[in-house]
Amino acid sequence: MSQGKEEDTTVRFSVRTKILLVFLGLSLAALLVTGFLAFSQMDQTSQYAVDRSTDLGNKASASSSAALEADAQASLLRLAKDQAYISTILFEQIRGDIDIMAYYAGEIQGLNRTDPERNYYTQDDPPADRYSATLIYFAPGTEDTVSAEEVNAAGMMDQIFIPIYSADHRISAVYVGTESGVTFIYPWTSGLNTSFDPRLRSWFVDAKENRGITWSKPYVDLLGHGLMMTCSRPVYDSRTGRTWVIGVDVTIDTINQNIIGTQVGDRGYALLIDESGNIITRPGLSAGDQRWDESFETENLLKSNNTGLVEVTRRMISGDTGIARVAFEDGDRFIAYAPITGVNWSVGVVMPVDEVTAPARLTRQQIENETVDAAAHLASQQEMMKTVFIGIFFVLLAAVIVLTIVFSRFLTEPLLKLQKGAEAVGKGDLGYRVDVNTRDEFGNLARAFNTMASDLREYISTLKRTTAEKERMLKELEIAKGIQQSFLPESAPVLPGFDLEGFSLPALEVGGDFYDFIPLDSDHYGLVIADVSGKGVPAALFMALSRTLIRASASSIDDPVSSIREANWHIFQDSKTSMFVTLFYAVLDCRARALRFINAGHNPPIFVGAAPAGVTLLNAKGIALGVLDEIALESVDIQLRSGDVVVLYTDGVTEATNEQDEEYGVERLTRCVEQEKMHTSREIIEAIVKEVTAFAGTRPQHDDITIMVLKVL
C-alpha cells in the first residue's frame, strides 16, 4: 500500500442508523429510568396514598364537623325561638289569669257588703273535697283585727279561683292576701306554719312595691311542693285604701316539664334566666334540704369566671336572639338563646359541640381503618407489579427496535426530497417543486414548501409594485403638504399697536385646520381661524375650498355677518360629502382698537384683559358653515386696551389627551395664557405648544393644532 495516502478510519453512519441508535438509546434509557423510578418510588407512592387517604379523612371529618355544627346551630336557634315562643304563651296565659282575678277582686272591693258571714275552712277543718273550697288563713296576730266585711269580700274570690285553676293545669295554687293579714288559698291545703306571714313574702312585697304584675325568684314552697315561683299583682281598695295581692303559684318542675323540658341530644339541656342573669330553672335544680323560711339563692351567670358565658348572658338579658360557641373546661358548647317577651326573661338551649361532631369523628375512624387495610393491599400489589414490569420491559424494547427501523426508513425519504427542494429554492429557482405524495405531515410539509415557493415568487413581484406605489403616494403627499402650507400666511402682518402671530401643526401629512389674515383696508384686518371636520386628504381639500370662499366673501368691514353668511352659502352649495367647518372670524379695527367678531360653532377664543379685567370667553351665537344654506350669526363688539391678549385656537389644543385619557382642557390653556401674557405673541404660542406637548407625553397627536394670538401693545 502506498504510504502517500492516509487511511480514513472515521466510522460513518447513515441517517437511518443514527435514528435507530438514537431511538434505541432513548427508549432503553427511558425504560431503565422508568423502571428504577418505579421500583424506588413504589414505597413512597404507597405511603403517599396512605397519607392522602388519611388527609382526606381529616378533611372529610373537618367538612362534616363544620356542616354538622352549622346545622346544629340553626336547629338549636330554632329550638330556642320555639321554646321562647311557647314560654311567652304560657306566661301570657298566667298573666291573663292574674288580670281576670284582679278585675274580679276590684269589683268585689267596690261592693258595700251586707251579706251574713260565710263558713270558711281552716287548715284544721278540712272540707269533704279540697277542690271545692278555699283555705282561710290569718297571719299571726291578725285574726281578731280583720273585719268581717273584708273576710266576706275576699272569701268570694273562690268563685273565680275554681274556674281559673281548673282551666290551667300548670297552676299549683291561686290565692289572695290582704294587708290586714287574711289570706284565701285555693285549693284547700294544710300544713301552713303558724309563723307564716304572707305579707312578708317576696310575692306580696314586690307586687305592692312595683304596683304591677311581678314574678318572684325561685323559693322553697311552704307546703312541700319544692321550688316555686309566684306571679302576683296588687289590687287597691279605693274605699279603705288597703291593698290585696293576687298570687298564682307555678312549680319549677312544671316549668321544666312544660317550658324547657325538651331533650337536646344526650347531654344537651335548656335553662331559663331572669333579667338579672339568675338561673330560674334548669335540669337538676332543686331545693335540696332547704327550709321554706330560708332564702334560696340560684346561680347568677354574670358572676361566672367564664368570660364567654358572661358575654352570652349579657346578650340574653338584653333581649337579643342568637347563638354562640362558649369554651368550658370539659369542652366547647353551643348556647342558643331567645327572649321571653312580657317577663324580660330569656330561654337558653345548651349542647356540647363534641356531641354534635360525634358522627364526623366516627366517620374519620372508619376512614382510618379502611386506610390501614388499603395500605396492606397496596404492598401485595407492589410485588406483583414489579414482576409484570420486568416482562413488559423486554417486550417494549423489542417493539421499539422494530418500529424504529420502519420509522427511520419512512422519515428519511421525504427529508431527502425536501433537502433537494430547499437547495434549489436557495439558489433562486422559485419554480422548483417537491414531489412527496404522502397523506401525513411530510406530505403537508411538501405542499406547504411548494406553496411557499409560489407565494414567495408572487410576494416578491407584489412587493416591487407596492414599494413603487408607496413611494409615489408619499411623494404626492409631500407635494400636497407643500401646497397646503402655501395656503397659510407666511408671516403675520405688522400692525401698529398690535403683536399678531399664527401657528398650525397638522396631525397627519395634511390637515383640516387653517388660519388667515385678510387685509380689508389700511385700518382693518380680518382674522380667521377654522377647523374642518375630519382629517387627512379630504379635510385638506375641503379646507382649501373653505379658505378660498371665506377669503373671497370677507369684503364687508362693518358687517362680518353678511360676509360669512355668503361664504356659508357657497360652501353649502359646493359641499357634497356632508363635511362642515367651524369658524371664528373677527374684524380688527386698528385705529379704533376694537374687535367685531362672529363665532360659527368654533371654540370660543380666550380674552385675557389687562388687570383687573380677568378672563373672558368670546362667545357668539352661530352654527358651523356648510350645514345649512341659510344660517343665523351674532355679531359682537369688544373694545381693546393696552395689555389685552386674545388667543384663538382649535380643539386640537384643548382636546389633547395624556396617558390617563385626561384632556388638556380650557382651564389649563387659560392658566398658561395668564402666566405668559406679558410675553410676545410668538412666545405665548411657543409656551402653549410646549405645555400641550408635555401634557400629552407619549400619546401621539390625534388632531391638528392651530393657534393665533393677538396682543394689544
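The values are calculated or read from the model by the stated rules, or taken from the named source; none is laboratory data. Here the structure is a predicted model, which means the values were calculated and not measured. Neighbour counts run over all protein chains shown; Cβ positions are idealised from the backbone, glycine included.
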(Q) Looking at the structure I just gave you, is F597 crowded, with 21+ Cβ neighbours inside 10 Å, modelled with pLDDT of 90 or more and within 59 Å of the chain's Cα centre (by Cα)? (A) yes
**Q.** Only listed residue being β-branched (V, I, T), assigned by TED's automatic domain parsing to the domain that holds S681, in contact (Cβ under 8 Å) with a residue 60 or more places away in the chain and closer than 29 Å to K711 by Cβ, chosen from V528, V532, V561
**A.** V561
Q: For residues that are assigned to a loop (DSSP other than H, G, I, E, B), touching a helix residue (DSSP H, G or I) at 6+ places or on another chain (Cβ under 9 Å) and modelled with pLDDT under 85, tally how many sit in the range 278-323.
A: 5
Q | Per-region count, the range 648-707, residues of a type outside the set (F, W, Y) and either within 13 Å of S504 (Cα to Cα) or assigned to a loop (DSSP other than H, G, I, E, B) (or both) | A | 32
Q.
Checking R242 against (1) closer than 30 Å to P339 by Cα; (2) modelled with pLDDT under 85; (3) touching a helix residue (DSSP H, G or I) at 6+ places or on another chain (Cβ under 9 Å); (4) charged (D, E, K, R): exactly one of these is not met. Which one?
A. (1)
Q. How many residues does the range 555-592 hold that are modelled with pLDDT of 90 or more and surrounded by fewer than 16 Cβ atoms within 10 Å (Cβ to Cβ)?
A. 3
Q: Answer with yes or no whether R52 is modelled with pLDDT of 80 or more and in a helix (DSSP H, G or I).
A: no
Q | Matching residues in the range 155-190 - criterion: being modelled with pLDDT of 90 or more and among the polar types (S, T, N, Q) | A | T178, T183
Q | Candidates W188, W244, filtered to the one that is crowded, with 19+ Cβ neighbours inside 10 Å, over 60 Å from the mean Cα position of the chain (by Cα) and either assigned to a strand (DSSP E or B) or not assigned by TED's automatic domain parsing to the domain that holds P127 (or both) | A | W244
Q: Would you check if there is a residue in the range 209-227 being in a helix (DSSP H, G or I), farther than 15 Å from V174 by Cα and without any contact (Cβ under 8 Å) to a residue 60 or more places away in the chain?
A: yes
Q: Identify, from the list A173, A153, the residue that is hydrophobic (A, V, I, L, M, F, W, C) and either touching a Lys or Arg at 6+ places or on another chain (Cβ under 9 Å) or not assigned by TED's automatic domain parsing to the domain that holds T122 (or both).
A: A153
Q: For the range 481-494, state whether one or more residues are among the small types (G, A, S), within 27 Å of Q573 (Cβ to Cβ), in contact with a helix residue (DSSP H, G or I) (Cβ under 8 Å, 6 or more places away or on another chain) and modelled with pLDDT under 90.
A: no
**Q.** The lone exception for A544 - which of (1) closer than 21 Å to L633 by Cβ; (2) outside any loop (DSSP other than H, G, I, E, B) it fails
**A.** (1)
Q. Quick one: E630 ticks every box in (1) farther than 30 Å from P496 by Cα; (2) within 49 Å of the chain's Cα centre (by Cα) bar one, so which box is it?
A. (2)
**Q.** Count of residues meeting criterion [within 14 Å of I98 (Cα to Cα), part of a loop (DSSP other than H, G, I, E, B) and not aliphatic (A, V, I, L, M)] in the range 134-169
**A.** 1
Q.
I'm told D521 meets every condition in (1) on the phi < 0 side of the Ramachandran plot; (2) part of a loop (DSSP other than H, G, I, E, B); (3) modelled with pLDDT under 90 except one. Can you identify the failing condition by its number?
A. (3)
Q: Restricting attention to the range 61-112, report how many residues are free of Cβ contacts under 8 Å to residues at least 24 places away in the same chain, in a helix (DSSP H, G or I) and within 17 Å of W244 (Cα to Cα).
A: 2
